Amino acid sequence: MKITEPQLGSPCWPELGTTDIAAATAFYGALLGWRPEDDPHPEAGGYTQQLLGDDPVAAVSPLYQDGQPVAWTVSIAVADADAAVDKVTAAGGSVIAPPMDVFDLGRFAVIADPAGAVISLWQARTFSGAARLNEPGTLCWIELRTPDTAAAEAFYTEVFGWSVNAGDGYTQFGVGGQDFGGMMAMGADFPAGVPPHWALYFGVDDVDASAAKATELGGAVHVPGTDIPGTGRFAILTDPQGGAFAIYTPQA
């Protein structure tokens with residue numbers, strides 16, 4: 001789906017913070033068909049947009065803070081980053097990076113929900129975010145893994161106004177009648193030490209072929225190709241620097 005304007009309250013931009021921009025760019029370029037475009041501003045410090053065709057779909061950035069893990073994060077489109085941050089703190093969340101201008105592109109902030117899962121805010125100006133979503137090579141789903149689903153539901157509906165579609169053991173979030181993500185409880189099956197987090201899913205044509213390709217490129221498979229009855233097939237991978245992500249193919 002080609003995006004012409006950001007849908008307020010929904011995911012608009014995936015971004016990988018990593019220790020090796022060149023290696024990550026090579027890995028995702030070979031796996032998802034992206035090509036890099038460096039930010040020309042010296043202050044960007046190597047920030048690199050990833051294009052699918054001529055359309056920006058993601059970014060790879062250096063780690064900007066001590067102790068920051070290699071990880072994918074997602075930005076949610078908001079009309080006013082400062083007002084959204086006020087809602088975050090009022091709802092029990094915390095601010096990791098306060099709102100700041102990013103050149104003339106927009107205004108950005110990083111927050112955490114009450115359990116500590118990190119997510120970003122993006123107030124668009126000249127840059128709206130991903131130009132394509134929900135197709136191979138692009139972001140197609142986000143998923144919260146948290147120990148307290150009730151608290152998370154209360155937080156995200158209060159801050160972003162998300163709709164909630166609760167199922168048996170899995171909750172879907174949406175806005176404007178379109179679900180874009182989900183939530184699951186972190187149980188005993190999660191490895192010890194894994195904190196609450198948002199996982200990003202990227203579309204591929206063939207989950208199993210892409211998982212095999214990822215291992216050839218130096219990544220690893222943590223959950224092999226698995227069917228979701230009536231929905232599609234997914235796998236969970238890490239890139240060579242340890243960044244975790246998922247891939248997904250919808251059922252025909």
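The values are calculated or read from the model by the stated rules, or taken from the named source; none is laboratory data. As the structure is a prediction and not an experimental result, all values here were calculated from the model. Please note: Cβ atoms are built from the backbone with ideal geometry, for glycine as well, and neighbour counts cover all protein chains shown. The accessibility values were calculated without ligands, DNA or RNA, using every heavy atom of the protein model including side chains. Shrake-Rupley method; radii C 1.70, N 1.55, O 1.52, S 1.80 Å.
Quick notes on this one:
- Restricting the range 52-93 to residues that are within 13 Å of residue 121 (Cβ to Cβ) and of a type in the set (S, T, N, Q), the residue that is nearest to the chain's Cα centre (by Cα) is 73.
- Selected residue [under 22 Å from residue 34 (Cβ atoms), touching an Asp or Glu at 6+ places or on another chain (Cβ under 7 Å) and either touching a residue at least 24 places away in the same chain (Cβ under 8 Å) or not charged (D, E, K, R) (or both)] from 203, 218: 203
- Considering only residues in the range 191-224 that are open to solvent by 40 Å² or more (accessible area, probe 1.4 Å) and either within 20 Å of residue 120 (Cα to Cα) or among the polar types (S, T, N, Q) (or both), the one that is nearest to the chain's Cα centre (by Cα) turns out to be 197.
- Of residues in the range 225-252 being at pLDDT 95 or above and part of a loop (DSSP other than H, G, I, E, B), the one surrounded by the most Cβ atoms within 10 Å (Cβ to Cβ): 239
- In the range 203-218, the residues that are among the hydrophobic types (A, V, I, L, M, F, W, C) and closer than 17 Å to residue 251 by Cβ: 204, 207, 209
- Of all residues in the range 191-217, those satisfying the criterion of being farther than 30 Å from residue 110 by Cα and assigned to a loop (DSSP other than H, G, I, E, B) are 205, 206, 217.
- Some residue of the range 26-49 being in contact with a Phe, Trp or Tyr (Cβ under 7 Å, 6 or more places away or on another chain), of a type outside the set (Phe, Trp, Tyr) and either farther than 24 Å from residue 215 by Cα or assigned to a loop (DSSP other than H, G, I, E, B) (or both): yes
- Counted as qualifying within the range 82-190 are the strands (runs of 3 or more DSSP E) with 3 or more residues that are touching a residue at least 40 places away in the same chain (Cβ under 8 Å), among the aliphatic types (A, V, I, L, M) and buried (at least 18 other Cβ atoms within 10 Å of the Cβ), namely 118-124, 139-146.
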